[in-house]
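A short worksheet on the structure shown next.
The values are calculated or read from the model by the stated rules, or taken from the named source; none is laboratory data. Everything numeric in this text was worked out from a predicted model, so none of it was measured. So basically every Cβ, Gly included, is an ideal-geometry build from the backbone, and we count neighbours across all protein chains shown.
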Amino acid sequence: MGLLVEGQWKSDDFGTYTEGRFVRADSCFRGTVTADGSSGFSAEPGRYHLYVSPACGWSHRTQLFQRLRGLDDVVSTSKVEAYMGERGWTFSEPGTAAADPIAGRRFLHEVYTAAKPDYTGRVTVPVLWDRRTQTIVSNESLDICRAFDRAFTVRGETRLGPLFPDEGSPEESEHQAMIEANYHALNNGVYRAGFAKSQEAYEEAARAVFERLDALEPLLGQRRYLCGERITAADLFLFPTLFRFDAVYHTHFKCNLRRLVDYPNLWGYTRELYQLPGVREDCELEETKVHYYTSHPSVNPRGTIPIGPELDFEQPHGRGRLGGG
């Protein structure tokens, strides 16, 4: 996987583990964009650039927020290549579709050292870059999504209203609890299972994945969405994991006790979110499979990409019976 140490790239696998359990490092850049600029970063059209990988679930959520809040023309976006090799996330040659449009860099770690020359840590996507100050605002998807939702004035027709509940509202605590529960057991849980270095660590993480899916299944038989009758950030944070589950996490990360399609409510819910106007455009399953199955030699040493499964996200979802929407 590799990481930067005092600004120098080290290509060895420096994953962090505790007793065989994979530990995800905290994001290091935690700035935010605010409407009034009180954070040091004001919400201005054309000022910011978002680096993403369509394969990455953390990137995927920021892409969904950008599109569904109508910010396509406000914040520019570019993508790294699907394969992540010894030099980490990579850009294509200048002039190609996956080139770095900001400074023509070849590797994402060069974006990090441009912001902090002595940076030590992981080099991850998404990254929100500030053209004006030539630095990284944030590499934390939660911060980026919240900024997209709250700071920017929507330009043109937005497909959804605000996705985070108002601060201090009665709904906020339930919403935050839902996000955190899904993060620990599912969003990050599949990685804890896939990257585990002991049988005990793997089983602990994998069973927690299915305990959470088992809890969400009856909930989504009663509610249209995770927190009620309207879509919130919690739904868009869960969707990237569910979208990838059967094609990647079930096989590659050995979360194979059951498939997502074995959960009628969760599977219908996933199809409904996929079919929202603007969502399917950012769902690139084949690129996702290429990334996971070729970029983790410790998990899949031969780099063979499975031909399946066949998944029809366009099937009628039938969720209208629950009202809301």
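Six or more apart or on different chains, Cβ atoms under 9 Å: show the pairs whose first residue is in segment 285-304 and not assigned by TED's automatic domain parsing to the domain that holds residue 239 and whose second is outside any loop (DSSP other than H, G, I, E, B) and surrounded by fewer than 16 Cβ atoms within 10 Å (Cβ to Cβ).
294/85; 295/85
Which one of these is in the same structural domain as residue 121 (by TED's automatic domain parsing) and touching a residue at least 24 places away in the same chain (Cβ under 8 Å): 75, 23? Explain how you work it out, then say what you get.
Values: 23 fails: touching a residue at least 24 places away in the same chain (Cβ under 8 Å).
Checking each option against the conditions leaves just 75.
Report, by residue number, each residue of segment 242-273 that is β-branched (Val, Ile, Thr) and more than 15 Å from residue 191 (Cβ to Cβ).
261, 270
Consider residue 146 carefully, then state whether it is basic (Lys, Arg), modelled with pLDDT under 95 and under 30 Å from residue 225 (Cβ atoms).
Working: basic (Lys, Arg): yes; modelled with pLDDT under 95: no; under 30 Å from residue 225 (Cβ atoms): yes.
When the stated conditions are applied, residue 146 does not pass them.
Scan segment 294-317 residue by residue and report those that are surrounded by fewer than 10 Cβ atoms within 10 Å (Cβ to Cβ) and closer than 26 Å to residue 274 by Cβ. Outline the logic, then answer.
Applying the first criterion (surrounded by fewer than 10 Cβ atoms within 10 Å (Cβ to Cβ)) to segment 294-317 yields 301-302, 304, 307-308, 310, 312.
Listed by number, the residues that qualify are 307, 308, 310, 312.
Taking strands (runs of 3 or more DSSP E) that do not extend beyond segment 1-93, which have at least 2 residues that are among the charged types (D, E, K, R), at pLDDT 95 or above and under 16 Å from residue 130 (Cα atoms)?
none
Among residues belonging to segment 221-244 that are over 22 Å from the mean Cα position of the chain (by Cα) and farther than 20 Å from residue 165 by Cα, point out the one that is surrounded by the fewest Cβ atoms within 10 Å (Cβ to Cβ).
So, considering only residues that are over 22 Å from the mean Cα position of the chain (by Cα) and farther than 20 Å from residue 165 by Cα, the one surrounded by the fewest Cβ atoms within 10 Å (Cβ to Cβ) is 222.
Go through (1) on the phi > 0 side of the Ramachandran plot; (2) not in a loop (DSSP other than H, G, I, E, B) for residue 104 and report which single condition fails.
Status for residue 104: all satisfied but (2).
Of the conditions (1) under 20 Å from the mean Cα position of the chain (by Cα); (2) surrounded by 20 or more Cβ atoms within 10 Å (Cβ to Cβ), residue 263 clears all except one; give me its number.
(1)
Can you spot a residue in segment 157-167 that is in a loop (DSSP other than H, G, I, E, B), in contact with a strand residue (DSSP E or B) (Cβ under 7 Å, 6 or more places away or on another chain) and closer than 29 Å to residue 81 by Cα?
no
Which of (1) small (Gly, Ala, Ser); (2) surrounded by fewer than 21 Cβ atoms within 10 Å (Cβ to Cβ); (3) in contact (Cβ under 8 Å) with a residue 24 or more places away in the chain is the odd one out, the single condition residue 37 does not satisfy?
Residue 37 satisfies all of (1) small (Gly, Ala, Ser); (2) surrounded by fewer than 21 Cβ atoms within 10 Å (Cβ to Cβ); (3) in contact (Cβ under 8 Å) with a residue 24 or more places away in the chain except (3).
Please verify whether residue 253 is crowded, with 20+ Cβ neighbours inside 10 Å and part of a loop (DSSP other than H, G, I, E, B), treating the condition exactly as stated.
Numbers: crowded, with 20+ Cβ neighbours inside 10 Å: yes; part of a loop (DSSP other than H, G, I, E, B): yes.
Taking the combined requirement at face value, the residue satisfies it.
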